[in-house]
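Encoded as structure tokens, the structure appears first; notes follow it.
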């Protein structure tokens, strides 16, 4: 019997790699989708290729020249990605409507593939305050997807799976380790250098490092700066 | 007083040009957004420039290499755009999740501009059976937009305006003529040639032609084939 197809929003980071392992384990034929959207940490696209190759899945990378549609520290050369600032406000690394845009393109891809399942690695726990990582956003997108597409109208309803939605970073890492994920292949850092070395200081690094510590699992991340605390 | 900014999904066709005139008339500072998404009828992008110039608004055209995310007769060179087939089924000119993708990018642009209003020229009357032109789709997108963005979370709620939603093509044309729209500048045809001549036979042409006839307004469209009936 053919496995059901699923599209996965895939960055090559810790979260989406865990979701890749999870979706494969659930028996899906997974089609990861990555975006070259002008992010400064383009080295994550190399991680995405590395991970896709390790899992023997076919990666589709979309060029998305967001141009004047950005304004985020993740894409603008005149804005710096800051050190960890806690989760008290929506940070400058917020990219306007990013998950809406990415999920919309995943929906288009799903419809072309005939896939009814879309996986996304968002978490509402360690989410750095992004509005488009919350359960109500994911639910609203699923409602939209089932109104927007020919396949849904024709009775093939679409499910948005966000298996990390209620998990902390430590729980995500524990899930991935149980599925034999090699996190050394992944990059989460917003300021990773050309060698793929993580800064150890940005929001993404701090949450990841703390996740390994709380999970009691050795952190395989290669840091450019070793942060003692 | 500064006019409020609004983003408009803009193709250079009859509908979105009417909405441009309408939004300007309502007092908005309008930012039209066009997409070069691999459509074969790329000549519509020239019409978009022409209309934007006539209305003295600044057009932003986004390159969106949808690549493997298509499968529509509007983008695939191995599929032909058929002659008018009535509205009995979703036609092959359906582009998977197109309005979802376009509205998502309009939402990103709106957030960057600080615009709370997004205009789109969809109609549920003469909509050729596209699922993403229905009132329930527009409503679901507005719900999503107000959950997805930093600006909405911070109290700047977003409105999706679809002023043509309940209008027939003839009513749209009457609205545009009352606003002095010069429809000779616009292109609606899915098979328009390099000179911008309309085929007169595709769904889009037949609906447009019938609209002028019912409205009792002289059709200024330049057709490659003059269709006698």
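The values are calculated or read from the model by the stated rules, or taken from the named source; none is laboratory data. This one's a predicted model, so the numbers in the text were calculated from it and none came from an experiment. Here the Cβ is made from the backbone with ideal geometry for all residues, glycine too, and neighbour counts use every protein chain on show.
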Considering the stretch B:19-37 alone, what residues qualify as being surrounded by fewer than 20 Cβ atoms within 10 Å (Cβ to Cβ) and modelled with pLDDT of 95 or more? B:24, B:25, B:26, B:27, B:29
Scan of the stretch B:38-51 for residues that are surrounded by fewer than 19 Cβ atoms within 10 Å (Cβ to Cβ) and modelled with pLDDT under 90, ordered by number: B:40, B:42
Name the single residue that is surrounded by the fewest Cβ atoms within 10 Å (Cβ to Cβ) among those in the stretch A:111-132 being part of a helix (DSSP H, G or I) and either within 8 Å of chain B (Cβ to nearest Cβ) or in contact with a helix residue (DSSP H, G or I) (Cβ under 7 Å, 6 or more places away or on another chain) (or both). A:112
Among helices (runs of 4 or more DSSP H) lying entirely in the stretch B:146-229, which contain 2 or more residues that are in contact with a helix residue (DSSP H, G or I) (Cβ under 9 Å, 6 or more places away or on another chain), surrounded by fewer than 21 Cβ atoms within 10 Å (Cβ to Cβ) and modelled with pLDDT of 95 or more? B:169-178, B:203-215
Within the stretch B:2-18, take every residue that is part of a loop (DSSP other than H, G, I, E, B) and farther than 21 Å from residue B:204 by Cα and give me the one that is modelled with the lowest pLDDT. B:2
Quick one: what pairs do we get from the stretch B:50-64, first residue within 11 Å of chain A (Cβ to nearest Cβ), second crowded, with 19+ Cβ neighbours inside 10 Å, C-beta under 6 Å, 6+ apart or different chains? B:60/B:33; B:61/B:34; B:62/B:35; B:64/B:35; B:64/B:37
